[in-house]
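A quick write-up on the structure given underneath.
Just so you know, all these numbers are worked out from the coordinates, no wet-lab data involved. Keep in mind that this is a model prediction, so the values were computed, not measured. Note that we place each Cβ from the backbone using ideal geometry, even for glycine, and neighbour counts take in every protein chain shown.
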């Protein structure tokens, strides 16, 4: 751990830097001016629809793919000229399982440790440490073929951590997992970050990025089209709003007539859904104001809630704008 801290200090504030990266397959641009900067010791989410270039970006940053042009550094090493150094400093968990299903969990990690050059004693020590960290110590001797999907994925991530990487790449780590498995993997990722490892997480699950990532980059057509914290990105879709579900027998336009937004804007209505939406720039105080107005008008809504923009809304809006 001390060696990792010294290395991070030597490489400055960014664990990953990419600028103007291009990667073509014939006439198709998989990466088209890809830019990225990830601060050391953080979890950074890389979002995008299928075909946006997320996996290609991971392949380029981990030296699995040669880039056509541009510059990229990972953990202080240039991916084009110092590939061996990059590979010594990173871990990669791809979309396909890397562990051997016949072997037990402990045997798998010892094997990975020795493949990375550790001696037998050190490989056993590291395997025990990681099994404990990822909640797999009780299943250490079980064959991986008996594991649930979440357990296998946690073991995959543990294998990616075997050499104590400075940067860990997780390429859609929870694809295909049930809710319990996803929760287990999220806990494992959080534990990794708590130990100071930088994590680049590609995912299609917006809830996952919102929960885990401190910063997020949204990709489309091989480049980043938006970046910021989840809160900053949500702010692009406007502020909070109060949603009023109209009671049966009433109309949205009638309910809206009793509600004027605090900033003077007229509420929006959806007659088919029976919904009235009121902008709420001040949050809870505006919700209270709406309740008072409805009560004064003798209207009891079926539902009433203060809503905040979601990453889903941001994602859809940004990718639709980029398409247009």
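Quick notes on this one:
- Tilt relative to the chain, helix 149-160 - C-alpha long axis, 0 to 90 degrees, to 10: 50 degrees
- Theoretical ellipticity at 222 nm over the chain - DSSP helices of four or more residues, -39500 (n - 2.57) apiece, nearest 500: -11000 deg cm²/dmol
- 313, 208 arranged by Cβ crowding within 10 Å, fewest neighbours leading: 313, 208
- Rg of the Cα atoms in segment 1-154, relative to 2.2 N^0.38 Å, amounts to 1.20.
- Shown for 169, 112: other C-beta atoms within 10 Å of each C-beta, ranked fewest to most, produce the order 112, 169.
- With respect to the chain, whose longest principal axis is taken over its alpha-carbon atoms, helix 120-133 is tilted by about 10°.
- Translational diffusion coefficient of segment 147-191 (Stokes-Einstein, Kirkwood radius from Cα pairs, 4 °C, 1.567 mPa s): 121 µm²/s.
- The chain: angle of helix 105-115 to the longest principal axis, Cα-based, in degrees nearest 10: 60 degrees
- Under a Gaussian network description of the chain, with springs only between Cα atoms under 10 Å, the residue in 77, 143, 305 that fluctuates furthest is 305.
- Proportion of all alpha-carbon pairs of the chain beyond 24 Å (%): 61 percent
- Rounded if a/c under 1.5, otherwise prolate or oblate - segment 51-97, Cα gyration tensor axes: oblate
- In the chain, the DSSP beta bridges split such that about 65 percent are antiparallel, to the nearest 5.
- Among 27, 217, a tally of other beta-carbon atoms within 10 Å of each Cβ gives an order, fewest to most, of 27, 217.
- Between segment 45-108 and segment 193-208, the Cα center-to-center distance that results, in Å: 14 Å
- Isotropically averaged projected area of segment 189-324, using the convex hull of Cα atoms (one quarter of hull area), nm²: 10.7 nm²
- Fraction of the pair-distance distribution of segment 240-308 above 13 Å, Cα-Cα pairs, percent: 56 percent
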